[in-house]
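S.K.: Okay, here's the structure, questions in a sec.
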Amino acid sequence: MRIAISGSHSLGKSTVVNDWVALNGEYIREEEPYRVLSLRGPYEILFRDASTRLHNGIQLYYSISRLNRYSTPAQHVIFDRAPVDYIAYSQYTANQRSTDIDDDFVLSMVSAARESLDRLDILAFVPQSDDWPVAMEDDGIRPVDHSYRDEVDAIFKEIYRDDRFDILPKKSPPLLIELVGSPEHRLLQLAQAVEQVQVETR
């Protein structure tokens, strides 16, 4: 079972990943590309209106390369972020018109991201919700700008709810779900999705 958790920052994605692995020890946890490439790697990756084609391009293709390591549903892995995330963040920066990221660059990312998603069984989107607000955590890593999180979340909702970019592959698309509510409820929703996929593929 190959699962990716997607959405804007500081909404509880990593909590879902960590809690899922704690309950399901057979799963491999694939770390968020930023942490691998910037915090522990050689790149300085910037956010908001400072992101560049290099910053978001290397994260996209690292994410795709990790997806490609897992070719069958028999492999149990959960990803913190999906290739789609770098389209959403790039579109935010393109809207600012502040770096070399523009609409054409965002569109150039779509085909590669779409093709990679057939390696997933479940794509779980974590939206911002007024019914279950998540406090912004200042951990020295994630941006603490509320408007930035809100605007990126709005782009994610256009992608997943309004089919902007037509991101899901036509053949073998992952099951797209939304995770909302408490951490416990999110885990229950994810477990139900796993059961649904298992039933449909028997």
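S.K.: Quick check: anything in the stretch 53-62 in contact with a strand residue (DSSP E or B) (Cβ under 7 Å, 6 or more places away or on another chain) and more than 22 Å from His185 (Cβ to Cβ)?
M.R.: First, pick out the residues of the stretch 53-62 that are in contact with a strand residue (DSSP E or B) (Cβ under 7 Å, 6 or more places away or on another chain): none.
No, every residue in the stretch 53-62 fails to be in contact with a strand residue (DSSP E or B) (Cβ under 7 Å, 6 or more places away or on another chain) and more than 22 Å from His185 (Cβ to Cβ).
S.K.: Only one residue in Asp80, Asp130, Asp121, Asp163 is of a type in the set (D, E, K, R) and modelled with pLDDT under 95, so which one is that?
M.R.: Values: Asp80 fails: modelled with pLDDT under 95; Asp121 fails: modelled with pLDDT under 95; Asp163 fails: modelled with pLDDT under 95.
Within the list Asp80, Asp130, Asp121, Asp163, the selection yields Asp130.
S.K.: Okay, moving on. All but one of (1) open to solvent by less than 40 Å² (accessible area, probe 1.4 Å); (2) of a type in the set (S, T, N, Q); (3) not in a helix (DSSP H, G or I) hold for Ser172; state the number of the condition that does not hold.
M.R.: All conditions are met except number (1).
S.K.: Next question, about the same structure. Hey, could you check the stretch 61-74 for residues that are at pLDDT 95 or above and of a type in the set (S, T, N, Q) and say which is least open to solvent (accessible area, probe 1.4 Å)?
M.R.: In this case the residue turns out to be Ser63.
S.K.: Return yes or no: is Ile58 modelled with pLDDT of 95 or more, open to solvent by less than 70 Å² (accessible area, probe 1.4 Å) and not hydroxyl-bearing (Ser, Thr, Tyr)? Break it down into steps so the answer makes sense when it comes.
M.R.: Details: modelled with pLDDT of 95 or more: yes; open to solvent by less than 70 Å² (accessible area, probe 1.4 Å): yes; not hydroxyl-bearing (Ser, Thr, Tyr): yes.
So Ile58 passes the test.
S.K.: Ok, one more. Evaluate the stretch 89-101: report whether one residue or more is buried (at least 16 other Cβ atoms within 10 Å of the Cβ) and more than 27 Å from Val134 (Cβ to Cβ).
M.R.: Yes, the stretch 89-101 contains a residue that is buried (at least 16 other Cβ atoms within 10 Å of the Cβ) and more than 27 Å from Val134 (Cβ to Cβ).
S.K.: Exactly one condition in (1) at pLDDT below 95; (2) within 21 Å of Ser14 (Cβ to Cβ) is not met by Glu178; state its number.
M.R.: Evaluating Glu178 over (1) at pLDDT below 95; (2) within 21 Å of Ser14 (Cβ to Cβ) leaves (1) as the failure.
S.K.: Something else about it: So, Glu200, is that one of a type outside the set (Gly, Ala, Ser), modelled with pLDDT of 95 or more and open to solvent by 80 Å² or more (accessible area, probe 1.4 Å) or not? Let's see the steps before the verdict.
M.R.: Values: of a type outside the set (Gly, Ala, Ser): yes; modelled with pLDDT of 95 or more: no; open to solvent by 80 Å² or more (accessible area, probe 1.4 Å): yes.
When the stated conditions are applied, Glu200 does not pass them.
S.K.: Which of the strands (runs of 3 or more DSSP E) found entirely inside the stretch 1-93 contain at least 2 residues meeting this: under 12 Å from the mean Cα position of the chain (by Cα) and in contact (Cβ under 8 Å) with a residue 12 or more places away in the chain?
M.R.: On the way: elements: 2-6, 28-30, 77-80.
Once the strands (runs of 3 or more DSSP E) in the stretch 1-93 are filtered for at least 2 residues that are under 12 Å from the mean Cα position of the chain (by Cα) and in contact (Cβ under 8 Å) with a residue 12 or more places away in the chain, what remains is 2-6, 77-80.
S.K.: Turning to a different aspect of this structure: With respect to Asp19, is the statement that it is within 28 Å of Leu188 (Cα to Cα), of a type outside the set (A, V, I, L, M) and open to solvent by less than 10 Å² (accessible area, probe 1.4 Å) true?
M.R.: Numbers: within 28 Å of Leu188 (Cα to Cα): yes; of a type outside the set (A, V, I, L, M): yes; open to solvent by less than 10 Å² (accessible area, probe 1.4 Å): no.
Considered against the rule, which asks whether it is within 28 Å of Leu188 (Cα to Cα), of a type outside the set (A, V, I, L, M) and open to solvent by less than 10 Å² (accessible area, probe 1.4 Å), Asp19 comes out as no.
The values are calculated or read from the model by the stated rules, or taken from the named source; none is laboratory data. Everything quoted here is computed from the prediction, not taken from an experiment. With ideal geometry, Cβ positions are generated from the backbone for all residues, glycine too; neighbour counts draw on all protein chains shown. For accessibility, only protein heavy atoms count, side chains too; no ligands or nucleic acids. Shrake-Rupley method; radii C 1.70, N 1.55, O 1.52, S 1.80 Å.
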